[in-house]
Amino acid sequence: MANANTNYLELQGGYLFSEIARRVAEYKAQNPGAELIRMGIGDVTRPLPPAILSAMHKAVDEMGAENTFRGYAPDRGYDFLIDAIRENDYTARGIDIAPDEIFVSDGAKCDVGNIQEIFDVGARVAVTDPVYPVYVDTNVMAGRSGKFDPQQGRYSQITYLPCNAENGFVPPLPGQKLDMIYLCLPNNPTGTTLTLSQLAPWVEYAKKNGAVLLFDSAYEAYISQSDVPHSIYEVPGAKDVAVEFRSFSKTAGFTGLRAAYTVVPKAVRLLAAGKEVSANELWSRRHATKFNGVSYVTQRAAEAVYSQEGKKQVREIIAYYMENARILTKSLREIGLEVFGGVNAPYIWFKTPTDSWSFFDRLLNERQVVSTPGAGFGKSGEGYIRLTAFSSRENTLRAVERIGKMEL
Ligand code: PLP
């Protein structure tokens, strides 16, 4: 029998959403007539807007004609999409990113999960806590995490940077030397973010300590406050030390279509047997070996996000979700809850009067609202609940009405 990768046996993940599903199924079995409102899952609900649909229809027709048919796409993405990304997401913000520093992919989840491959297995990893579980689990799979300590609720070789109401959700700068630091801003699950001046010390830390910042800005499109950077490269010097991940999923409703991109600047250097190597070259090699491009139709859809019409329509959808966020925040505050997020991100994070699983149960049993208990995102998530603003307006209002009657 072949030996398994025993790192996988160290994984604790899967627990959160399967436990939620178990409790929901149990409730439904006991209350078959109950109508649940699901405010837990981070998936969008609005359909794709017309500008994106018509770009796709056109691309589908091109695929059906001999002279415009396309086979394999370039693995890094078509020039038309890379140019649109550069111009709109970077040049327009005064950031200079070269075309060969952009890698189009089919999702930020894969990219944030795969990036660890270009680092040494002994690299020291830090995550903010609570955390998007992909950062931790992929390092567990790679054998970088050490053992899980159930007492601590943490892996022995991962550094956790707690983010909570007490520190204003600003992660503390590490006191020791680290190699890979995952920052998710705006944050999933807390919905909070950092201003430019709060982000700058991270770039400074990375430069001083030879660390690489892995900056996941999947929720960048939801930023509404002017002092919050849309890209880490707005911080001077960040191009030397940061990789940035972006996604069309939450920006433009692509969760089912699949398109994202990663920026790996050529100035980001890693050490290999005492010599410097370029992170861009390593990622490029990985991408070419393991990825075969995003479909032509999907890349035309992503390009349309940057068209005049596309921008307008996407902004309207984001405004719709952010109005849900406002409604949720207001009514939770009205019943006396302390609420965070929801201003620069589609996530609402609130403090629970009891532990997060007990409050999850109360929301489910008393109000028929499915939420996500913060404890599932890490130890520092205990005592919080996440709600998403991605529901329909109708369901958001129904949820608010139900929760509004709650006595804490
Ligand atoms: N990064 C964060 C922080 C997310 O919350 C998500 C999706 O929920 C992703 C990445 C994944 O995005 P994609 O759909 O592009 O794989």
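Details
- Whichever residue in segment 99-141 is open to solvent by 30 Å² or more (accessible area, probe 1.4 Å) and in a loop (DSSP other than H, G, I, E, B) and, among such residues, is nearest to Val263 (Cα to Cα): Asp106
- Within segment 242-269, the set of residues being closer than 15 Å to Leu282 by Cα and either within 8 Å of the ligand (Cβ to nearest atom) or open to solvent by 10 Å² or more (accessible area, probe 1.4 Å) (or both) comprises Lys266, Ala267, Arg269.
- The set of residues from segment 222-241 being open to solvent by 10 Å² or more (accessible area, probe 1.4 Å) and under 16 Å from Gly341 (Cβ atoms) comprises Ile223, Ser224, Gln225.
- All of Leu161, Leu48 fail the test of being free of Cβ contacts under 8 Å to residues at least 40 places away in the same chain and hydrophobic (A, V, I, L, M, F, W, C), apart from Leu161.
- Members of segment 200-221 that are within 16 Å of the ligand (Cβ to nearest atom) and either of a type in the set (A, V, I, L, M, F, W, C) or surrounded by fewer than 22 Cβ atoms within 10 Å (Cβ to Cβ) (or both): Leu213, Leu214, Phe215, Ala218, Ala221
This table checks each residue for (1) in contact (Cβ under 8 Å) with a residue 40 or more places away in the chain; (2) of a type in the set (S, T, N, Q).
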residue: Thr190; (1), (2): yes, yes
residue: Ala206; (1), (2): no, no
residue: Leu213; (1), (2): no, no
residue: Gln225; (1), (2): yes, yes
residue: Ser231; (1), (2): yes, yes
residue: Arg258; (1), (2): yes, no
residue: Val263; (1), (2): yes, no
residue: Ala273; (1), (2): no, no
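- Residue check: Ala65 meets all listed conditions (1) small (Gly, Ala, Ser); (2) closer than 30 Å to Arg393 by Cα; (3) exposed (fewer than 15 other Cβ atoms within 10 Å of the Cβ) but one, namely (2).
- Checked against (1) modelled with pLDDT under 95; (2) part of a helix (DSSP H, G or I), Ala92 passes all but condition (1).
- Single unsatisfied condition, Ala51 versus (1) open to solvent by 40 Å² or more (accessible area, probe 1.4 Å); (2) closer than 29 Å to Ala319 by Cβ; (3) in a helix (DSSP H, G or I): (1)
- Residue within segment 14-25 that is over 29 Å from Pro346 (Cβ atoms) and either among the polar types (S, T, N, Q) or open to solvent by less than 80 Å² (accessible area, probe 1.4 Å) (or both) present: no
- Gly341, sole failed condition from (1) open to solvent by 30 Å² or more (accessible area, probe 1.4 Å); (2) at positive phi: (1)
- For segment 156-207, filtered to residues that are out of contact with any Gly (no Cβ under 9 Å at 6 or more places or on another chain) and among the aromatic types (Phe, Trp, Tyr), the residue that is farthest from Trp349 (Cα to Cα) is Tyr205.
- When segment 339-375 is filtered for residues that are within 24 Å of Ala34 (Cβ to Cβ), out of contact with any helix residue (DSSP H, G or I) (no Cβ under 8 Å at 6 or more places or on another chain) and charged (D, E, K, R), the ones remaining, listed by number, are Arg362, Glu366.
- Residue within segment 393-405 that is part of a loop (DSSP other than H, G, I, E, B) and open to solvent by less than 40 Å² (accessible area, probe 1.4 Å) present: no
The values are calculated or read from the model by the stated rules, or taken from the named source; none is laboratory data. Everything quoted here is computed from the prediction, not taken from an experiment. Here Cβ is always computed from backbone atoms with ideal geometry, including for glycine, and neighbour counts include all displayed protein chains. Each accessible area value is taken on the protein alone, full model and side chains, heavy atoms only, with ligands, DNA and RNA left out. Shrake-Rupley method; radii C 1.70, N 1.55, O 1.52, S 1.80 Å.
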